Amino acid sequence: MINSYQNPILRGMYPDPSIVLVKDTYYMVNSTFEYFPGIALSKSTDLLNWTKVPGITESKEQADLSKAKSNEGIFAVCIRFFNDHFYVITTNFAEFKNFIIKGRLIDTGEIVWEKQRVEIDIMGIDPDLYHENGQTYVTFTGYIDEKGTKAIQQAEIELSTGKIVRGPEVISMGTGGRDVEGPHIIKRNNSYYLLAAEGGTGVGHMITMFQSKNLWGPFEDTGGINPIFTNRDRANEPLQNIGHADLFQDVQGNWWLTCLGTRPSTIGFKQITNMGRETLLYPVNWEGEWPEINNGIPSETVDMTGFPKHQSALTNEQKAVAFCDTFQQPALNPEWLSLRDSLKENIVLQNGTLTLKGRSTTIEQEATPAFLGIRQTEKAEAFTVDVADTTAINNGKIGILSLINDSHFAAILVTKQENQFLVSRYQKVEDLIIEENLGKLESMPKQFKLINQPATKTFTVTDGKKELSFETSSLHFSNEAIAALNTGDVQGIYVLADAELVIIKAQRQKIEVE
């Protein structure tokens, strides 16, 4: 019997979660913004331990991210299953297109996603898909006037073509909080419920809920019910910015809520967030008219002793997930991300190594540099890369890099000059650039390492005899520094020009907070 578990259940940049149960397996999707492949997909049979599977959009026909600016690209996603098929609906902000992609579960347990999308001509974001009696409805948030007033709107569509057959019509203005968004329609006991988020995706974020006997409204709330779940006035809680939720049922029919939240670090009098928005999970008692979520507080530790029926769905203990890739599989581990497009032509996987061939494109450009990264998942975490002797620097550069967007990043880089290896720091903080020579190594680097701490990031390279490093403030890589909460820190390998970086292991490990 599982008596408690820890949030987040997906750690690192996994915002805007949506979950659907198919047979005995739960499937979750998350926003990915400018990262490729688009739409993160995970699956689980016990709700606590999730397996990452390849992202959904892998072609420009599905989602063209080539012009995505930082914090743009794939916004909130909703996943549903009906008519024996999966359906995901999302917005690609880089194209400002809303669309559906259809998927089919095959005998191997994999989902085959259609290459062609179905576009829906609506002006908004955060689309939800609801299907009933052969009819399909899209609910979304969008502006309704030139003053920037947002409202939850709904349209009935033809599923196969995306053609609008009714609407859009405004179904809710929310409670009056700013930025009403993230809608989902749920039907229970012949009533329709509208789940929403308000307050902006920051410290005022909150989950709200409304009810109607009619799918087209009016959707109303009972006095005092909203916000139904929030930490906006609980500054002492370790989880903040609670919002953008989805409700689903487990294999026993019990209700659960998944939502996003952040884990800010307190540095003196400052609070900074480096992992972005993460996925949380809470049990829901829904015996009356309105759901009761957890104990009313979005907690980091979830005490399950008050939810005996829900405990039966938690069939395995929650396991801490470290990342260690030694490249033994023919396909790239799905945790790896690139920017805006595939790096397939620049990646070679063979004999237990990964080779990343350089490009002239740099990280600052809104394009696809030779950068391959994984999410930062803990406040205190080590990311290490072991380098193979077959690495060829040539006239280029190799190194590791951490970024939160294309104007807030830092890298430790190595170039070759005759028989020496020159090590440098390259960092950008908005309009400030730091270029610093750190010294020389006598031989090819053997390992790059990044030590993430709540207050600092330390970049290191060694050839086995000598170590060179630099330290910088984690604030520069925070959501607060870029005044945006969409993305979180991503760390990885970075190769420029004609260099070829060959690595034999990449590892991410939780470490002690200093």
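Brief remarks on what is shown
- Test: residue in region 256-269 that is of a type in the set (A, V, I, L, M, F, W, C), farther than 21 Å from Leu10 by Cβ, in a strand (DSSP E or B) and open to solvent by 20 Å² or more (accessible area, probe 1.4 Å): yes
- Out of Lys465, Lys505, sole residue that is more than 30 Å from Phe93 (Cβ to Cβ), open to solvent by 40 Å² or more (accessible area, probe 1.4 Å) and either part of a strand (DSSP E or B) or touching a helix residue (DSSP H, G or I) at 6+ places or on another chain (Cβ under 8 Å) (or both): Lys505
- Restricted to strands (runs of 3 or more DSSP E) entirely inside region 49-102, those with at least 3 residues that are hydrophobic (A, V, I, L, M, F, W, C) are 74-82, 85-92.
- The set of residues from region 343-363 being farther than 19 Å from Asp325 by Cα, open to solvent by 20 Å² or more (accessible area, probe 1.4 Å) and in contact (Cβ under 8 Å) with a residue 40 or more places away in the chain comprises Arg359, Ser360, Thr362.
- Glu378 vs. criteria among the charged types (D, E, K, R), surrounded by fewer than 16 Cβ atoms within 10 Å (Cβ to Cβ) and modelled with pLDDT of 95 or more: no
- Test: residue in region 127-135 that is open to solvent by 70 Å² or more (accessible area, probe 1.4 Å) and in a strand (DSSP E or B): yes
- Each residue in region 411-450 was checked for being open to solvent by 40 Å² or more (accessible area, probe 1.4 Å), in a strand (DSSP E or B), under 23 Å from Asn479 (Cβ atoms) and not aromatic (Phe, Trp, Tyr), and 4 of them qualify.
- Residue in region 168-175 that is closer than 14 Å to Ile242 by Cα and either assigned to a loop (DSSP other than H, G, I, E, B) or open to solvent by 20 Å² or more (accessible area, probe 1.4 Å) (or both) present: no
- Conditions (1) under 27 Å from Asn333 (Cβ atoms); (2) without any contact (Cβ under 8 Å) to a residue 12 or more places away in the chain; number of the one not met by Lys147: (1)
Each row is one residue, and each column tells you yes or no for (1) among the aliphatic types (A, V, I, L, M); (2) surrounded by fewer than 24 Cβ atoms within 10 Å (Cβ to Cβ).
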residue	(1), (2)
Tyr5	no, yes
Gly38	no, no
Thr57	no, no
Ile89	yes, no
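- Criterion violated by Phe96 - all others in (1) within 20 Å of Thr141 (Cβ to Cβ); (2) surrounded by 18 or more Cβ atoms within 10 Å (Cβ to Cβ); (3) free of Cβ contacts under 8 Å to residues at least 60 places away in the same chain satisfied: (2)
- Matching residues in region 184-214 - criterion: being small (Gly, Ala, Ser) and assigned to a strand (DSSP E or B): Ser191, Ala196, Ala197, Ser212
- Number of the exception - Thr161 against (1) of a type in the set (Val, Ile, Thr); (2) assigned to a strand (DSSP E or B); (3) open to solvent by 30 Å² or more (accessible area, probe 1.4 Å): (2)
- Test: residue in region 105-116 that is open to solvent by 30 Å² or more (accessible area, probe 1.4 Å), modelled with pLDDT under 95, in a strand (DSSP E or B) and in contact with a Gly (Cβ under 9 Å, 6 or more places away or on another chain): no
- Each residue in region 195-220 was checked for being charged (D, E, K, R) and surrounded by fewer than 18 Cβ atoms within 10 Å (Cβ to Cβ), and 2 pass.
- Contacts under 6 angstrom Cβ, first residue in region 415-426 being within 11 Å of Leu441 (Cβ to Cβ), partner of a type in the set (D, E, K, R) and open to solvent by 80 Å² or more (accessible area, probe 1.4 Å), 6 or more apart: Gln420/Lys440; Leu422/Lys440
- When region 280-297 is filtered for residues that are surrounded by fewer than 18 Cβ atoms within 10 Å (Cβ to Cβ) and assigned to a strand (DSSP E or B), the ones remaining, listed by number, are Asn285, Glu292.
- Matching residues in region 180-194 - criterion: being open to solvent by less than 10 Å² (accessible area, probe 1.4 Å), over 14 Å from Trp286 (Cβ atoms) and touching a His at 6+ places or on another chain (Cβ under 9 Å): Gly182, Leu194
- Selection status of Glu132, touching a residue at least 60 places away in the same chain (Cβ under 8 Å) and out of contact with any Phe, Trp or Tyr (no Cβ under 6 Å at 6 or more places or on another chain): yes
The values are calculated or read from the model by the stated rules, or taken from the named source; none is laboratory data. Remember, predicted model here, so these are calculated numbers, not experimental data. As a convention, Cβ positions derive from the backbone with ideal geometry for all residues, glycine included, and neighbour counts pool all protein chains shown. SASA here: full protein model, heavy atoms, side chains in, ligands and nucleic acids out. Shrake-Rupley method; radii C 1.70, N 1.55, O 1.52, S 1.80 Å.
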